[in-house]
1. Determine which member of the set B:PHE317, B:PHE376, B:PHE371 is free of Cβ contacts under 8 Å to residues at least 40 places away in the same chain, assigned to a loop (DSSP other than H, G, I, E, B) and either crowded, with 17+ Cβ neighbours inside 10 Å or of a type in the set (Ser, Thr, Tyr) (or both).
2. Given the criteria touching a residue at least 24 places away in the same chain (Cβ under 8 Å), assigned to a helix (DSSP H, G or I) and of a type in the set (Lys, Arg), does B:ARG284 qualify?
3. In the set A:ALA43, A:ALA100, which member is part of a helix (DSSP H, G or I), modelled with pLDDT of 75 or more and at negative phi?
4. B:VAL314 is checked against (1) under 24 Å from A:LEU398 (Cβ atoms); (2) away from chain A (no Cβ under 14 Å) and fails just one. What number does that condition carry?
5. Starting from residues that are charged (D, E, K, R) and either within 12 Å of chain B (Cβ to nearest Cβ) or more than 15 Å from A:ARG349 (Cβ to Cβ) (or both), keep the ones in the range A:409-438 and report whichever is surrounded by the fewest Cβ atoms within 10 Å (Cβ to Cβ).
6. Under 8 Å by Cβ, and 6 or more places apart or on different chains, what pairs join a residue from the range A:147-167 that is at positive phi and of a type outside the set (Asp, Glu) with one that is assigned to a helix (DSSP H, G or I) and buried (at least 21 other Cβ atoms within 10 Å of the Cβ)?
7. Kindly list the number of the only condition in (1) outside any helix (DSSP H, G or I); (2) crowded, with 18+ Cβ neighbours inside 10 Å; (3) within 14 Å of another protein chain (Cβ to nearest Cβ) that fails for A:THR196.
8. Regarding the range B:342-352, can at least one residue be identified that is within 11 Å of another protein chain (Cβ to nearest Cβ), of a type in the set (Val, Ile, Thr) and part of a helix (DSSP H, G or I)?
Amino acid sequence: MVSSDEVSLYLQYVDNASFNRNGHNLAVCFNLDRRLQAIDDQALIRGLNQLEIISTSIIRDKVIGSVTVFVLKAMLSLAKSEIEKAAQEYIDGLKKLSEAIMQQQRNENEKNSGFWMVPTLKLMVKQAYLLVKRADHNSSNSNQTDSIWRLYHSVLMYAFNVSCTGESEECWDQSAKLGALCIINHLLRVLIKLGTLKSCFTILTRLQICYWPEHEDPPRQGQNIPGHLLCKSEMIAYHYYTGRLKLLQDDFTGARSDLMEALARCPKTAIKNKQRILITLVPLNISFGRIPTIHILEKYNLMIFSGFVKALKLGSISSFNKAINDYQLFFIKTGTFLMLEKMKLAVYRSFLKRHINFFQTQENIETGKSPILNLLSVQKALAIQGEAMEMEELECLLSNLITLDLVKGYISHSSKKLVLAKNLADAFPLRKVLIPLS
Amino acid sequence: PPPILNSQSNVSIKKYEVQSHTQGKGNEIQDMDVEMEMNDAGNSSQIIENVHGTISVANFQNINKVKGQLESKKSDNVLSSKLQTRKSRFSSSPGPINQPSNVNHSNSFNQNKSIIMSKTENNGRNFNLDKSNFSSNEHLQREQRAKRFQINRVNDPSIQAKKSCTANLNGLINSPPSEVDSKGGGALGNLTVKGTSTELEKEYFRLTSAPDPSTVRPSLVLKKALERLISIWNRRGTTDPETNLPVKVDYLYMCSQLKAIRQDLTVQRLKGPLAVSVYEGHARIALEEDDLNEYNQCQTQLKELYASGENGAVVEFTAYRILYHVVLHMHQSYVGGNADILIILSEIPNDQKNDQCIIHALRVREAVASFNYYSFFKLLKEAPNLGKKIMNSMVSFMRLKGLERIIKAYRPTVPTSFVIEVLSLEDSNELGTDRTGITYLNSCGLVLSEDGSQVKCKESIIKDSVIMAGNSLL
């Protein structure tokens, strides 16, 4: 059967690319954005089997041929708008490609020969992710979409294993390991989305051993990956995801350094990326006591955090409550909710500090002794802010503040007074606000 | 050729306990339970063939149980050993002949057999090889096994399949599952037993091979069994009319019976409303007896059942789940606790958010996170359903934190009665007989004034109290 010109042209292009070992050209072929109109009609007429025969006859490399078949099937399903099926087929294609790389790696005669397929692999990983995301979006049944993510996850793990194996004496220029960074970024993305954090550590340590073996303790065989081979954009993504991961494990300082590094490396024009980093970084910085300016919040469209800024600066508990309740779901999804909750104590501290004059007796202010706050007035003031609480609860709150060194003083239970340190600066030590509360 | 241990395996097999049942005829029949430690990476698992060459059905429950054990990081030893001793007491009833075999755990890639473990066989146990005593089934199986050690078996397809299986276990596990090899005696996908037994009472035994349908009970029988167990459980606390003593129900007996029901459900793949009632019932009973481990297993199953659309006391158990995760998060060694709580929080559907139980559970979470001991103990008193039992695990922690804060914040003294009230120490029953709140406070290192009415805050140093509240199977 004579195939249509477009289809056979496409297949010849694939064949050329694989024969010449040109990974970039091959990647262009497997890019789903470039949809072939001809394929829909022709394939519908001839059936998919024939297409397989055609591709295997034109394409000399068998494995690449089978990958192409999967890609073609995926394109067909996309045209029919069966997105989930397309995703599955594309993922199968991805798996085949990883197998191809593995086979070539094992081929004794040509070591490092899997290297040329790395750009293709990267592209397929990204495309697969987009497909899965689309399938997730379109599907209403949550069970099914979970399984697609898991399928994607398992294939990614396989690809990751493939790209991390290899001799340590390999020259980095020609190594297939370069694909690992891209894969791990997507893996982390999926795992954070699915919420299973346990496997994250294993893959992270694997990557670190693979890429930076000299930093290990004790240092392992092999050279560190040279800086010029690390793709900049992938490193930014890597820092971003590891930062988020550390946040989920309560490692605040580590998370902050990672995210700051990601932000620093971002090019000036990548506004959307910076926004994504900032969504996690701003709350983190706030818990370190660094309050963002309104200018930044406006620039990156992060006005949801303006409530917190106001709350901290003015000691306004009502605006804090409002801010955290309005966007609670958003904060939960980005993983910053628990951290923001803990900031409430800092807001109470601000509240006391700002309104201290209301709570003292007049003579007390004049004589210049240690400030004594009447707890009853504090209680009333809190009620006005919307936080009505009983006296015991207020005392409990204050004891928490004192224990955390946010307020220096003591409570007198019988007279219902809070006595602070003499100097205002001592009474509300700044030191403790600059460390995340726990 | 000697049996080959799969060198790629990361699983170590630990012999757990061996018992011998003596029967009237003088046969010694071995019953060995072998527990498997799964590698924490969770990636590798071993496919074990039992001695007679048949693939056994996966004991789903046991896998969940093992996973549940790992996840909750609590040892099950106490409970299991108690169950074992229970088993031996009841061994006089002629049950199914337990073949001297190894426990079979298979994962979803149950393609083929691989050989393992002649270790446990030759530890000096007596095997009575009097063939006349074996059933014909067993005879056949023994013959099959004997065939394995013949020399010219290289071309046997099952062995070929075996080899390819052991080739790249990791790769198989990481790759999407391929077709099931039906030659291997049926994998998980094919086995569903239809039960025929009508026994209401059944002890729990770990499955060592495919269960005999005559020992598995169909759903109607299971329903009656469940009702019977629940009525037994409800009788406790009442007075027995004959002896005028309060009725005591043995929790271990209940646990074993319920696990047997769960096993029957799993083996027959019954996942309907009956399964929900069983798991809910078991979870409640476990909570009443402070068995958080068992509760966690039921909770995991319930979560999946509810997710697949079953009805039940969803709100009640979601509240329990939240509380349970607060408990988990409290123990510092639990890694990744943050993500779990966040997921649970994000998954609560809107219509449930206004329910009392959920609101209560969320408030508890908030209180524990911000060390708000006052709210915590108030919430403890108002806990709905059985939430109090879960919260009991947090009590000593919150008390300690509360005492730390009180000592730091108040000067010069704070009334003892206030401390006792705030930390909910009035109920001396909690702390065991003859102990009052004051004793507890003293054991924590608080220094009281002469008349005992005030706590001297400056002189007190808080340390962990030696008095344990309550008694649990943890």
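The values are calculated or read from the model by the stated rules, or taken from the named source; none is laboratory data. Source: prediction; values computed, not measured. A quick note on method: Cβ atoms are made from the backbone with ideal geometry, for glycine too, and the neighbour counts reach across all protein chains shown.
1. Details: B:PHE317 fails: assigned to a loop (DSSP other than H, G, I, E, B); B:PHE376 fails: assigned to a loop (DSSP other than H, G, I, E, B).
Just a single option satisfies the conditions, and that option is B:PHE371.
2. Numbers: touching a residue at least 24 places away in the same chain (Cβ under 8 Å): yes; assigned to a helix (DSSP H, G or I): yes; of a type in the set (Lys, Arg): yes.
The answer is yes for B:ARG284.
3. Values: A:ALA43 fails: modelled with pLDDT of 75 or more.
Testing whether each residue is part of a helix (DSSP H, G or I), modelled with pLDDT of 75 or more and at negative phi leaves just A:ALA100.
4. Exception for B:VAL314: condition (1).
5. A:LYS422
6. A:GLY166/A:GLN105; A:GLY166/A:ALA176; A:GLY166/A:LYS177
7. The failed condition is (2).
8. Yes - at least one qualifying residue is present in the range B:342-352.
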